[in-house]
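All of the numbers you see were taken from the coordinates with simple rules; none came from a lab. Bear in mind the structure is a predicted one, so any value in this text is a computation, not a measurement. Every residue, glycine as well, gets a Cβ built from its backbone with ideal geometry; the counts of neighbours run over all protein chains shown.
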Amino acid sequence: MPYIKQEDRLPIPEMIPESAGDLNYLFTKLIQEYIDERGGLSYAIINEVVGVLECAKLELYRRLAAPYEDEKRELNGDVY
């Protein structure tokens, strides 16, 4: 997770996603803007974007999903 300086953090878009489709749309638009700003599509840009998405996914799992799963395992009992 790139913990950027507070002063570099911009506000989130005004559209607040209400569904998975909305969230996907926001990601897609943001990625398209990034690609356009970087001069268009290339292997390097695709690699950057896929890498960022993968790292964001891993951070989401580490910070939110794993603790949630640990809590549910304690509550309901371990399977293994």
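The table below lists the values:
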{"read-out": "Residue tally, condition among the aliphatic types (A, V, I, L, M), surrounded by 10 or more Cβ atoms within 10 Å (Cβ to Cβ) and not in a loop (DSSP other than H, G, I, E, B), over the range 1-28", "value": "2"}
{"read-out": "Residue identified as surrounded by 11 or more Cβ atoms within 10 Å (Cβ to Cβ), in a helix (DSSP H, G or I), of a type in the set (A, V, I, L, M, F, W, C) and more than 13 Å from the chain's Cα centre (by Cα) among Ile31, Ile35", "value": "Ile35"}
{"read-out": "Selection from the range 25-63 of residues that are of a type in the set (A, V, I, L, M) and over 24 Å from Glu14 (Cα atoms)", "value": "Leu41, Ala44, Ile45, Ile46, Val50, Leu58"}
{"read-out": "Search result, residues across the range 38-47 that are assigned to a helix (DSSP H, G or I) and surrounded by fewer than 11 Cβ atoms within 10 Å (Cβ to Cβ)", "value": "Tyr43, Ala44, Asn47"}
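Residue-wise test of (1) under 24 Å from Asn24 (Cα atoms); (2) free of Cβ contacts under 8 Å to residues at least 40 places away in the same chain; (3) over 16 Å from the mean Cα position of the chain (by Cα); (4) outside any helix (DSSP H, G or I).
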position: Val49; (1), (2), (3), (4): yes, yes, no, no
position: Val52; (1), (2), (3), (4): yes, yes, no, no
position: Leu60; (1), (2), (3), (4): yes, yes, no, no
position: Leu64; (1), (2), (3), (4): yes, yes, no, no
position: Tyr68; (1), (2), (3), (4): yes, yes, yes, no
position: Arg73; (1), (2), (3), (4): no, yes, yes, no
position: Asp78; (1), (2), (3), (4): no, yes, yes, yes
